[in-house]
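Before any comments, here is the structure.
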Amino acid sequence: MKLSYLALALTAATLAGCSAADRERASGGFDYVNIQPTDTLTLPGDLERPERDSDYAVPQTDIKNAPIGQRVNITAPQQVRPLGLGSRVLETETETRAYFDIVDGMGDSVTEFVKEAAETVLERRGISYDVQSDGHWLTETMSLQQTLDGEGGFLGFGGEEDKLQERTFRYEIIQETESHKRTTSLRVNIDNFTQKVDGRTVDVAPVVGNNLEADLLNAIISEVNRKQQQAVAQLKAEGIDTQLTQQSDSGENILLVEDSFDQAWPLVNLALQSIGFEVEDLNRETGTYFVSYSEPDSGFLFIGGDDYEPLNIEEGEYEFRLLESGENTAVRVYQDDTMVSEQWLQAVYENFRAAVKQQSKL
């Protein structure tokens, strides 16, 4: 069986008087485990024994194999943190699952985006894995070794010897995507988990496995967030693009700004002004800019003239109406309540596209 050994830097912890494993058990002495139960209270014969309230009776249980003293694991459960935009966590008694909704920067497939992030984390940690099926990975078996400090003695003499603890396990990663393809989920399971102390197999507290699962899931969530923010920054550096296209359902010619309405609304305002349209009024509720256009004035000896190129369109008043179109924003242009021609849009398109791209970079 191939093992991947995860080395732990325990030297500093040992010099400080405790190892990483010591954080899993309480500090102080454990003499209390040898305390015997006290005898039943003996009453003099002339006193009446009070009735015992069963509400506070301690039930008889078999604690022979239960962890006590040093064997009690006090590790705090690690929380899965949905740090990424569009991510959330659903926790039940049996599993913790992270959900990712598709957001800007993820491209066309949130499934592929999250899958690549998970594989990046595994490769960064040097963990080999096999793809069992679509959305199902199993890693190699790994070994995590720690030194357990011995207890008792005086100045290091006469106490228990240090023990070697070895935990072996592998990760199982399962990804499931909703039928609408806009949401995918990820969960991490610990498989074949065993623990040995000096070669002897001992029980493992459930919290240990849960924390290992949470640790990897948090790392993947962080990587998804990092990749998404990096992609958004790159898109911003490239600027927001605009297409001259035709609506498939209505056949209308439109300008399609490749961003949400909330982002496109202020950008269109600035872009219109930079290419020669004067915004005279606006109504955000209806997504409308009321503008007028006049050819640029060259000024006297090129001093004080307008600083935009002529669009070679009819001067007058126009309405630019913005409407959400999926993840993008459709821009329709009207003159006297009639949509302008395709030739009009072609005359304006390149200048409008360049202006929107430039404003989105600022």
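Bear in mind these aren't lab numbers, they're just calculated from the coordinates by the rules spelled out. Predicted model only: the values in this text are computed from it and were never measured. Cβ placement follows ideal geometry from the backbone for every residue including glycine, while neighbour counts extend to all protein chains displayed.
Dipole of segment 242-361 computed with +1 at Lys/Arg Cβ and -1 at Asp/Glu Cβ about the Cα centre; of G251, S360, P296, farthest Cα towards the positive end is S360. Greater than 21 Å separation of Cα atoms is the criterion. Which listed pairs, K163/K196; K115/K227; K115/K181; K181/K236; K181/K227, meet it? Flagged as over cut-off: K181/K236.
Quick check: net charge around Q230, other residues with Cβ under 14 Å of its Cβ, Lys/Arg +1 and Asp/Glu -1? All intermediate terms of the calculation are to be shown ahead of the outcome.
Working: positive: R226, K227, K236; negative: D104, E116, E223, E238.
Every neighbour counted, the sum reads -1.
Each residue of segment 325-333 is assigned a 3J(HN,Hα), and the resulting list reads 9, x, 8, 10, 10, 8, 10, 10, 10 Hz, derived from the Karplus form 6.51 cos²θ - 1.76 cosθ + 1.60 (θ = phi - 60°), x at Gly and Pro. A simple charge model with +1 on the Cβ of Lys and Arg, -1 on the Cβ of Asp and Glu and nothing else charged puts the dipole of segment 87-209 at about 100 debye relative to its Cα centre.
With θ taken as phi - 60° and the Karplus curve 6.51 cos²θ - 1.76 cosθ + 1.60 applied, the whole-hertz 3J(HN,Hα) list for segment 43-58 is 9, x, x, 8, 10, 8, 6, x, 6, 8, 8, 5, 4, 10, 6, 7 Hz, x standing for glycine and proline.
At a 10 Å Cβ-Cβ cut-off, how would you order E95, E319, E48, fewest neighbours first?
Working: E95 13, E319 19, E48 6.
Listing E95, E319, E48 from fewest to most nearby Cβ atoms yields E48, E95, E319.
In the neighborhood of D104, defined by Cβ-to-Cβ distances under 9 Å, what is the net charge if each Lys or Arg adds +1 and each Asp or Glu adds -1?
After counting each charged neighbour, the total is -2.
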